[in-house]
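Asks: This is the structure I have questions about; it appears just below.
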Amino acid sequence: MRMVDLIQKKKRGEILTKEEIDFIVQGYVREEIPDYQMSAFLMAVYFKGMTKEEITDLTLSFVKSGDTVDLSGIQGIKVDKHSTGGVGDKISLIAVPLVASVGIPIVKMSGRGLGHTGGTIDKLESIKGFQTEISIEKLISNVNKYKMAIVKQTQNLTPADKKIYALRDVTATVDSIPLIASSIMSKKIASGADRIVLDVKVGSGAFMKTLDEARELARTMVDIGSLTNRKTIAIITDMSQPLGCEVGNANEIKEAIEVLNGNGPEDVTIIALTIASYMAVLGEAFKNFETSFDELNKIIKSGKAIEKLKELVMIQGGNPDLIDNPEKLPEAERHIEIKAIQKGYISEINAENIGVSAMLLGAGRKKKEDEIDPAAGITITKKVGDEVNPGDTICILHTNLENFKEAETIARRAFVISETKVKPVRSEERR
């Protein structure tokens, strides 16, 4: 088998066999195939696409390239969730304790944030003492007893995907549906999930900018789930504006606490309940979505959900008192209000701009090695559809930095005010 022949085959739009895909992926990991040939192959995939069987074979070859997490010691159906990333996305912080509260085991392996999107691990590390790295023995023990864990992804999980993603980033092939789908699903499969709920974001702050793209990605990942014998549901949710009102690490912990106390913003609450409800159905706690949604909503109102979050913090070494006293979480020294300069309705809040602004305030990373400030972030005080008058505060920047002018300019530019009221994108479901 020669790599040049396989590049030629895909360039002509022909279907690759499982063995040919394995030859490409494993050969690249072993450095037997050079970057320039893999770059050519990725571009061929970008233009010619792949069948669902090819994408599944690619996914499983990514899994085969590294370690897999053995969760067989955990009792019950292990359900996982994944978001394609966004601004203000704190859904895992809400869904994990909520699903665990009905007895379904969930092991959430999460990453750090990079660029304008946040990471669940960074958010949890805003809680003093919270351990995101624990032994597999401790993880299994915690999940059997408490039904939940949120930990950092292991280093050698799907190394082929990591290596190929770095190449995609510099060859303009990041936005390829087969490559995105196989990247996401390989990590979920390697992490040991039995069943998966996917939150596919669409809009200015997401990888998928249009509904058609989001639907194609959702359908592709559900197909991979089906072909690997893992029940998978995908929900398409709006990221044309930031999710909720808080962006930034400690800020988002506070908002997750509000949701679990029954006082959170409507958009976060509905999406979190929707994702958690499908997870509970896949975990067989409930027979249908409607019953699951109603029962989980009751659990929030009963106070059981917030107690479960405190339990999660406690078992992973953090201070659970911070959940009762969120004002003790890290706070920034500077708070800069941005005000409307005209009358009308908020018709757009560019989520990517808000994410970039928050990063510049210290809440995110330009490079992987950058340190973040857990206190930095942005509070959105007016959302899409809200009426504003000149002088109304539309958002508040939080930072410990002295120089925040660029962040202020970008945040201001994120808001568009028009004479007519608009509605955000509605959520969709793919099974």
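Asks: Mind checking the full-extension length gain between V174 and D70? Use 0.36 nm per residue of separation minus the Cα-Cα distance, one decimal, nm.
Replies: Length gained, V174 through D70: 34.5 nm.
Asks: Also, quick follow-up: Say each of S302 and I270 gets a label point 7 Å from the Cα, pointing the same way as Cα to Cβ; how far apart are those two points in nm?
Replies: Label-label distance for S302 and I270, simple model: 2.5 nm.
Asks: I'd like the antiparallel share, as a percent to the nearest 5, of DSSP beta bridges with both residues in the chain.
Replies: 55
Asks: Here's a follow-up. In a Gaussian network model over the chain where Cα atoms closer than 10 Å are linked, find which of V45, V143, V99 has the largest mean-square fluctuation.
Replies: Sorting by GNM fluctuation, first place goes to V45.
Asks: While we're on this one: Quick one: pull the percent of accessible area on the chain belonging to carbon and sulfur, 1.4 Å probe, ligands and nucleic acids left out.
Replies: Its accessible area is 49 percent carbon and sulfur atoms.
Asks: Something else about it: Match the structure shown to one of the listed values [x] 79, 44, 42; [y] 64, 58, 43; [z] 67, 48, 39 of Cα extents along the principal axes in Å, computed from it, and give that label.
Replies: Of the listed options [x] 79, 44, 42; [y] 64, 58, 43; [z] 67, 48, 39, [z] comes from this structure.
Asks: If I stretch the segment between V4 and L227 completely, what's the gain in nm (0.36 nm per residue apart, minus their alpha carbon distance), one decimal?
Replies: 77.4 nm
Asks: What angle do you read, to the nearest 10 degrees and between 0 and 90, between the alpha-carbon axis of helix 18-29 and the longest principal axis of the chain?
Replies: Helix 18-29 sits roughly 70 degrees off the main axis of the chain.
Asks: While we're on this one: Take the alpha-carbon centre of region 244-312, take the same for region 1-34, and report the distance between them in whole Å.
Replies: Using only Cα atoms to place each centre, the spacing works out to 44 Å.
Asks: Let me ask you something else. Students often forget the sequence filter, so: which lysines lie under 17 Å Cα-Cα from K308 once same-chain residues fewer than 8 apart are removed?
Replies: K90, K108, K145, K147, K254, K298
Asks: Roughly how much of F23 is accessible, in Å² to the nearest 10, using a 1.4 Å probe?
Replies: 70
Asks: Which of I177, I236, I417 ends up with the largest GNM mean-square fluctuation for the chain, with Cα atoms connected below 10 Å?
Replies: Result for the chain, Cα springs under 10 Å: I417 fluctuates most.
Asks: Residues in region 143-179 near a label at D35, defined as backbone nitrogen under 16 Å from the 7 Å Cα→Cβ point?
Replies: Within reach of a label on D35: 162-174.
Asks: Whole-Hz ³J(HN,Hα) for each residue in region 175-180, computed from phi via Karplus 6.51 cos²θ - 1.76 cosθ + 1.60 with θ = phi - 60°, x for glycine and proline: what do you get?
Replies: Values, residue by residue: 8, 10, 4, x, 6, 5 Hz.
Asks: May I pose another question? Post the alpha-carbon centroid distance, region 324-387 to region 198-221, in whole angstrom.
Replies: 24
Asks: Along region 378-391, what does the Karplus equation 6.51 cos²θ - 1.76 cosθ + 1.60 (θ = phi - 60°) give for ³J(HN,Hα), rounded to whole Hz, x for Gly and Pro?
Replies: 9, 9, 8, 9, 9, 10, 4, x, 6, 7, 9, 10, x, x
Asks: Per residue, how large is the accessible surface of the chain? Use a 1.4 angstrom probe and give square angstrom.
Replies: Each residue of the chain exposes 42 Å² on average to a 1.4 Å probe.
Asks: What are the ³J(HN,Hα) values, in whole Hz, obtained from phi via the Karplus relation 6.51 cos²θ - 1.76 cosθ + 1.60 with θ = phi - 60°, for each residue of region 303-319 in sequence order, with x given for Gly and Pro?
Replies: x, 5, 5, 5, 5, 5, 5, 4, 5, 4, 4, 5, 6, 10, x, x, 8
The values are calculated or read from the model by the stated rules, or taken from the named source; none is laboratory data. Quick caveat, the model's predicted, so the values are computed rather than measured. Don't worry about glycine lacking a Cβ; one is built from the backbone with ideal geometry, like all the others, and counts go over all protein chains shown. Heavy atoms of the whole protein, side chains included, go into the accessibility calculation; ligands, DNA and RNA do not. Shrake-Rupley method; radii C 1.70, N 1.55, O 1.52, S 1.80 Å.
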